[in-house]
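Structure first, then comments.
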Amino acid sequence: MNLINTLENEYELYGIRWKEKPHIIMTDLGEKRIRYWKDYERLKWHVKWRDESSKGSGAVPDRMIRTNSGETAIQYGEQWISIHDHAEALFGCDEVERWGQFIGNLLKCAVKYDGKENLDLQTELPVFDINQCLRLSQKYMEANFSCITTSIYEAKERLKLSEAIRSKVKDSELPVLEREMSFKNGKKIFHFLFYQGGDAWPVRGYLPFRMFLLEWLEHSSPLSVKQLLTEVNKHFTLDHEQGLLLLAEIVTPWEIYDCLKQLDNSSLERMVEGLKKYEECWESNRTLVKTVTEWFDEKRRKVAL
Amino acid sequence: MTTEKETLNYGPVLFHYDLFPEKLEQHGKVKKVITKRGTFALKEAEMTEEERSWFTHVIQRLSEIGFHQVVPLYPTKFGDYTVQLGSRTYYLMPWFASDERNEKAKDEVLLDHLGKIHALTLKEQDFSNEVVEHSYQYLMNRWENRQYEMERFTEEAEQKTYMSPFELTYLSHFHQIMRMTEEAKRRLKDWYDTCQREKRYRSVLCHGKVSRNHLIFNPTGEGHLLNFEKAVLDTPVRDLAVYFRRAAHQREWTVEEGKFLLDSYEKHVQLLNEERGLLISYLSYPEPVFNAVDLYCSRRNDYSQIEMVHRLESRIRAMKKIRDFCDAIMIAPPPAPLDNSDTVPTKIHINDEGDHI
């Protein structure tokens, strides 16, 4: 039996046809997305975060549409298939409150269900490797480009700070999050925030949220980043250990990898262009670090007052 | 008419059902949702997480034990029976248009359905002195405190040179009201003593908010109950007391009709003598009259004296009808055999902690 027939048998959906094979289908209830899962444990984790983070939130993640018998997915050959809602229109970053509520709920669930209960869950804990950066930057250091030497120096200092923060909260649980958190995944349906999740193995820690904040900053302003953090804080407190863990992740100079990747000394022209991109990448991350640390400082001052 | 704003407000809820409303109409606490896929009733309520899960458990359990005259809940596309949005909870049901032809039969069907639910969920509880003691003391204290408040109101009124028409009306019935209060307390004490002596009490699944408005007829004329949000495991008398107290306030309600309806209920669950006594106790307590006094004290500027007096008189009239009804049902039939396991089918899950009277 082909996939379309199987879906029609298993789900309360009619008139199914391909829109974009093999991921998007048209049905009598609109466009739906198909996700393919090779690993059942990964599917289970994705069901859980979607279900849990939707509770009480005005935002809706793309939960698994249930089959006729109430299952979250169907087995098809050697893989599992789940069906989700699908939308195209971007939600944008104007409605900070809604994003804040959604991310707050998401983080709450990500810390609560940190994968402990599921020993088979593969989670990666990204660790920053300064030595690898130093090796990569070696050949450029000799040329004494000021942006590189300054950034490497700053990266070392930030890493020290990050490690110092982490050592204070080393016993705290890290959240388990989707590998890719992007504001582009936020779509608009009926004016509410519909978040289209992914299907990769999750990662442990705040790196996905750091990437999200950087992307947010690129599309808005430092003030908007601060507003977003304030809204998140209403639903998931960043006042204590979790705030420090986030700060440690923000301060960690992850961007140095990306900066170094921009460099290409195969020709002078490419080298100049690479250095320009290096500076841009470094500066935007620097703004993020400055904005987030400022937000934490402002919050501390308010508490002190 | 549906405004675009309304559609957007309810959009996040209806999205869970893949419904796109063409029209939304407000009918009491329910929204009528008209879509290409049919017409639905969307109920908005305030429930805690625990209440939500108990509510859906009750609906599912009723179906499992064979009671199908409940307005079903539609699951969302994600398999949930309720949608939570902020502090609000929503659930979706089929829309049944009201059918005035069935209005007359409503009370009979309502009591018949209650009887069926009670019979299906009837459970002889293991005697717990703690539960009985707590229930008795709690209610007795509450009643005595209320009685004390009313006596104080009376004393204050009596000290006035010129009493208001409301106060005058209340005072002219005061002794009769107090007699009913004492009768309610005496009956409650009798129930408590019998429980202690017999070491028994029964619980059923109570609807919790029995009302004619919570019975509707489907297109084939079959009555269905709805609004189980306040459902609770308690004595069968709880639902009966709520029903009869409310019914007695209808102008056309008669003692004969009440007697007939209680008989039809008892075709399903024969009340034990002490339960009958408890029903009389609940009904005798003049809470509706006390509530009218409360309203007079707290909001006398919102209503005219004549409105307040009318309200009080109507409640006193209803209490008189209730007293006659209690006299009529006091002639107890022979006690029902306790071990009626043949007539008691599958039991609902009982949460003993939630039991109270």
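All of the numbers you see were taken from the coordinates with simple rules; none came from a lab. The model shown is predicted, which means the values in this text are computed figures rather than measured ones. Methodologically, a virtual Cβ is constructed for each residue, glycine included, from the backbone with ideal geometry; neighbour enumeration extends over all protein chains shown.
Do any of A:LYS48/B:LYS116; A:LYS168/A:LYS261; A:LYS21/A:LYS108; A:LYS112/A:LYS299 go past 28 Å between their Cα atoms, and which?
Exceeds cut-off: A:LYS48/B:LYS116; A:LYS168/A:LYS261; A:LYS21/A:LYS108.
Of the trypsin sites (Lys or Arg not before Pro) in region A:150-195, the ones in a loop by DSSP (not H, G, I, E or B) with at most 10 other beta carbons within 10 Å are A:LYS170.
Run lengths n ≥ 4 of DSSP H only: what is the helix-derived mean residue ellipticity at 222 nm for the protein assembly as shown, with -39500 (n - 2.57) per run over all residues, to the nearest 500?
Numbers: 21 runs with 337 residues, N = 662.
Estimated from H runs of four or more residues: -17000 deg cm²/dmol.
Between the helical axis of B:49-64 and the longest alpha-carbon principal axis of chain B there is an angle of about 80 degrees. Label-to-label distance for B:ARG300 and B:ILE65 is 4.8 nm, based on points extended 7 Å past Cα in the beta-carbon direction. Annotation: aspartates and glutamates with alpha-carbon distance below 15 angstrom to B:LYS199 (same-chain offsets under eight excluded): B:GLU124, B:ASP126, B:GLU130, B:GLU133, B:ASP190, B:GLU274, B:GLU275, B:ASP339. Of all aspartates and glutamates in the structure, those lying under 15 Å Cα to Cα from A:LYS277, and not within fewer than 8 positions of it along the same chain, are A:GLU218, A:GLU255, A:ASP258, A:ASP264, A:GLU269.
Derived scalar couplings between HN and Hα for region A:261-277 equal 5, 6, 7, 8, 9, 6, 8, 5, 4, 5, 5, 5, 5, x, 5, 5, 5 Hz in order, rounded to whole Hz, by the Karplus curve 6.51 cos²θ - 1.76 cosθ + 1.60 (θ = phi - 60°), x for Gly and Pro.
From the alpha carbon centroid of region A:138-169 to that of region B:16-74 is 59 Å. Take every Cα pair under 8 Å whose residues are at least 6 apart in sequence, average their separation, divide by the length of chain B, and the relative contact order is 20 percent. Bridging of B:LYS259 to lysines at a Cα separation below 16 Å is possible for B:LYS106, B:LYS267, B:LYS320, B:LYS321, once same-chain residues fewer than 8 apart are set aside. Taking the Cα centre of the protein assembly as shown as reference, the dipole from Cβ charges on Lys and Arg (+1) and Asp and Glu (-1) amounts to some 640 debye. Dipole of region B:31-95 (Lys/Arg Cβ +1, Asp/Glu Cβ -1, origin at the Cα centre): which of B:ILE34, B:THR82, B:SER63 lies farthest to the positive side? With unit charges placed on the Cβ atoms, the residue in question is B:ILE34.
For a protection proxy built on the mean count of beta-carbon atoms within 10 angstrom, sort B:169-182, A:56-69 highest first, please. Write down the numbers at each step before the final one.
Numbers: B:169-182: 16.6, A:56-69: 19.9.
Ranked from most to least packed, the peptides come out as A:56-69, B:169-182.
In nm, give the distance between the simple-model label positions of A:ASP258 and B:LYS160, each being 7 Å from the Cα along the Cα-to-Cβ direction. Between A:ASP258 and B:LYS160, the simple spin-label model gives 7.6 nm.
Determine the equivalent ellipsoid of region A:104-207 by diagonalising the alpha-carbon gyration tensor, then write out the semi-axes as square roots of 5 times the eigenvalues, largest first, rounded to whole Å.
Values: eigenvalues 226, 81, 37 Å².
Whole-Å semi-axes of the equivalent ellipsoid: 34, 20, 14.
Taking amide H positions as modeled 1.01 Å from N, with prolines and chain starts lacking one, the residues under 5 Å from B:TYR201 and 5 or more places away or on another chain are B:GLN125.
Could you calculate, for the protein assembly as shown, the ratio of the Cα radius of gyration to the Kirkwood radius, expressed as Rg to Rh?
Values: Rg = 33.4 Å, Rh = 30.4 Å.
Answer for the protein assembly as shown: 1.10.
Would you mind telling me the antiparallel percentage of the DSSP bridges in chain B, rounded to 5? Roughly 95 percent of the DSSP beta bridges within chain B come out antiparallel.
Projecting the alpha carbon convex hull of chain B along each direction and taking the average yields 20.6 nm².
Within 10 Å of each Cβ of B:74-80, how many other protein chain Cβ atoms are there on average?
On the way: counts 0, 2, 3, 11, 11, 10, 5.
Mean shielding by partner chains, rounded to a whole number: 6.
Length, then width, then depth: along the principal axes, the Cα atoms of region A:3-85 run 33, 29, 24 Å. Measure nothing fancy, just the Cα-based angle from helix A:146-168's long axis to the longest principal axis of chain A, in degrees from 0 to 90, nearest 10. Rounded to the nearest ten degrees, it is 70. Along its first, second and third principal axes, ordered by size, region B:31-95 spans 34, 29, 20 Å in Cα coordinates. Using a cut-off of 31 Å between Cα atoms, the listed pairs A:LYS188/A:LYS226; A:LYS187/B:LYS31; A:LYS32/A:LYS170 include A:LYS32/A:LYS170 as exceeding that distance. Semi-axes of the equivalent ellipsoid of chain A are 38, 24, 19 Å, computed as sqrt(5λ) over the eigenvalues of the C-alpha gyration tensor in descending order.
Other residues within the sphere of radius under 13 Å centred on the Cβ of A:GLN227, judged by their own Cβ, net out at -2 (K and R +1, D and E -1).
Only Cα sites of region B:54-170 enter the Debye sum here, all with the same form factor; the resulting log10 I(q)/I(0) across q = 0.20 1/Å is -1.12, listed in q order. With angles folded into 0 to 90 degrees, how steeply does helix B:273-284 sit against the dominant principal axis of chain B? Use alpha carbons for both and round to 10. Value to nearest ten degrees: 90. Label-to-label distance, B:ARG179 versus B:LYS199, with points set 7 angstrom from Cα along the beta-carbon direction: 4.0 nm.
Between the amide H of A:TYR195 and those of A:VAL60, A:ASP62, A:LYS187, distances stay under 5 Å, these residues lying 5 or more places away or on another chain, with hydrogens modeled in the peptide plane.
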